Amino acid sequence: MKPLYNRLTIMLILLLASCSKDNPTPIESTYFPPIIGTSWETKSITELGWNSNAVQPLLDFLALKNTKSFIILVDGRIVMENYFDGHDASKGWYWASAGKTLTAAVTGIAEQEGYINTNNKVSDYLGNGWTSLPLSKENLITNKHLLNMTSGLDDSDDCVTPDCLIYKADAGTRWGYHNVYVKLQDVVAKATNQTWSDYFNTKLRNKIGMEGSWVQLGNNSVYFSTTRSMARFGLLISNKGKWENNPIINENYCTLATNSSQSINLSYGYLWWLNGKSSYHLPQSQLQFPGSLIPSAPNDMYMALGKNDQKIYIVPSKKMVVIRMGNSADESNFALSNFDDELWKKLKVLYQ
């Protein structure tokens with residue numbers, strides 16, 4: 001019996017070794033916080049094997065740079081959550097242009113529900129005369145041109161009334177960072193026969209447990225929410241539009257939105273900024289700059305960027321979502337500043 005016992009023991013050891021080789025470390029599933037309540041799983045810097053000595057220098061930097069709130073998620077779990085300058089988890093703040101990505105998301109939802117087609121011209125939904133362009137030029141502008149900032153409209157003014165929407169180039173031939181994207185909210189409202197806020201709340205906000213509301217500030221439709229609500233949206237997009245196993249936004253649309261959407265500005269998707277491309281354009285400029293938007297950050301990162309340094313950074317390779325809200329880190333800016341690269345230099349020291 002002993003030789004047979006030995007042979008069985010050896011076979012069992014080999015089988016276990018083979019299984020261990022094929023699956024060296026169990027893959028941790030992505031966590032999603034409950035829709036209702038404030039509970040949210042955490043994971044420590046130590047558990048991740050990150051550099052704990054880099055935490056305080058990062059916090060000092062964030063405080064120095066007028067930050068109000070900062071969150072890091074990994075696999076959906078909170079790794080860091082810090083508040084500054086009297087701000088706290090219950091207080092709201094404005095997203096500025098980072099909220100453009102909310103408009104992109106709900107536009108995708110309206111398309112998957114059959115209300116709109118992003119390839120259709122905007123005038124199919126808003127009627128003729130929504131710009132001051134000749135009809136032949138206005139009819140060139142599609143919903144997709146609003147998503148990727150290639151409407152061809154003059155981008156020197158944020159005004160979106162017809163008299164301000166002036167011809168600069170044929171749609172699709174010029175990239176210009178323009179507030180006209182907000183017309184997508186009107187398109188969705190007209191197509192669904194609901195107010196923009198009602199459709200947004202029903203189809204996106206409430207389904208992932210966000211808080212917040214839209215406020216009209218001059219020509220801008222601005223979203224205000226808590227920092228955790230911004231983190232919930234970042235988590236949704238990082239999971240390709242699914243909240244747990246519940247598809248909120250079509251995965252193919254999320255992929256299109258977070259990749260180069262046209263050939264003029266490779267670093268722009270559907271109202272998302274993209275890192276790691278060979279060149280980029282900046283708001284209010286027609287210059288093309290070589291290299292990546294944020295050299296110190298991972299190349300696969302994509303971003304929602306708002307005035308005065310409102311940020312959602314999503315890094316698929318790290319399963320990481322980073323949120324920053326606050327006042328301008330340095331000088332007032334449209335979307336990008338030196339702060340982005342400085343921050344990611346400190347984050348690399350933390351997680352590498």
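Checking each residue in segment 66-92 for being closer than 17 Å to Phe339 by Cβ, of a type outside the set (A, V, I, L, M) and surrounded by 19 or more Cβ atoms within 10 Å (Cβ to Cβ) picks out Thr67, Lys68, Ser69, Phe70. Of all residues in segment 211-227, none satisfies being touching a helix residue (DSSP H, G or I) at 6+ places or on another chain (Cβ under 8 Å) and assigned to a helix (DSSP H, G or I). All of Lys346, Lys311, Lys307 fail the test of being over 21 Å from Val182 (Cα atoms) and either more than 18 Å from the chain's Cα centre (by Cα) or not β-branched (Val, Ile, Thr) (or both), apart from Lys346. Applying the criterion of being among the polar types (S, T, N, Q) and assigned to a loop (DSSP other than H, G, I, E, B) to the residues of segment 37-52, the residue that is surrounded by the fewest Cβ atoms within 10 Å (Cβ to Cβ) is Ser39. Residue count for segment 110-124 under the criterion of being touching a residue at least 40 places away in the same chain (Cβ under 8 Å) and not in a loop (DSSP other than H, G, I, E, B): the result is 3. For Ser263, the conditions (1) in a helix (DSSP H, G or I); (2) under 23 Å from Val122 (Cβ atoms) all hold with the exception of (1). Restrict the check to segment 168-183 and report whether at least one residue is under 29 Å from Gln286 (Cα atoms), acidic (Asp, Glu) and touching a Lys or Arg at 6+ places or on another chain (Cβ under 8 Å). Looking for residues that are under 29 Å from Gln286 (Cα atoms), acidic (Asp, Glu) and touching a Lys or Arg at 6+ places or on another chain (Cβ under 8 Å), one finds at least one in segment 168-183, hence yes. With respect to the conditions (1) under 24 Å from Asn193 (Cα atoms); (2) crowded, with 23+ Cβ neighbours inside 10 Å; (3) hydrophobic (A, V, I, L, M, F, W, C), Ala98 lacks only one, and its number is (1). Exactly one residue out of Ala189, Ala171 is without any contact (Cβ under 8 Å) to a residue 12 or more places away in the chain, of a type in the set (A, V, I, L, M) and either over 21 Å from Met325 (Cα atoms) or part of a strand (DSSP E or B) (or both): that is Ala189.
Take the conditions at pLDDT 95 or above, under 22 Å from the mean Cα position of the chain (by Cα), buried (at least 17 other Cβ atoms within 10 Å of the Cβ) and not aromatic (Phe, Trp, Tyr) and apply them to Leu153. Does it pass? Against the criterion (at pLDDT 95 or above, under 22 Å from the mean Cα position of the chain (by Cα), buried (at least 17 other Cβ atoms within 10 Å of the Cβ) and not aromatic (Phe, Trp, Tyr)), Leu153 does not qualify.
Residue check: is Ile249 more than 20 Å from Arg174 (Cβ to Cβ), part of a loop (DSSP other than H, G, I, E, B) and within 15 Å of the chain's Cα centre (by Cα)? Yes, satisfied.
How about segment 277-315: which of its residues are of a type in the set (A, V, I, L, M), assigned to a loop (DSSP other than H, G, I, E, B) and in contact (Cβ under 8 Å) with a residue 24 or more places away in the chain? Hits for segment 277-315 are Leu282, Leu293, Ile294, Ala297, Met301.
Mind checking whether some residue in segment 92-106 is outside any loop (DSSP other than H, G, I, E, B) and over 22 Å from the mean Cα position of the chain (by Cα)? Scanning segment 92-106 turns up no residue that is outside any loop (DSSP other than H, G, I, E, B) and over 22 Å from the mean Cα position of the chain (by Cα). Just one residue in the set Ala89, Ala17 is aliphatic (A, V, I, L, M) and modelled with pLDDT under 95; that residue is Ala17.
For (1) over 19 Å from Tyr181 (Cβ atoms); (2) of a type in the set (Ser, Thr, Tyr), each residue gets a yes or a no:
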site	(1), (2)
Gly234	yes, no
Ile237	no, no
Ile248	yes, no
Ile264	no, no
Tyr268	no, yes
Leu271	no, no
Asn275	yes, no
Phe289	yes, no
Pro298	yes, no
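The values are calculated or read from the model by the stated rules, or taken from the named source; none is laboratory data. None of the values given here were measured: they were computed from a predicted structure. Positions of Cβ are backbone-derived with ideal geometry, glycine not excepted, and every protein chain shown enters the neighbour counts.
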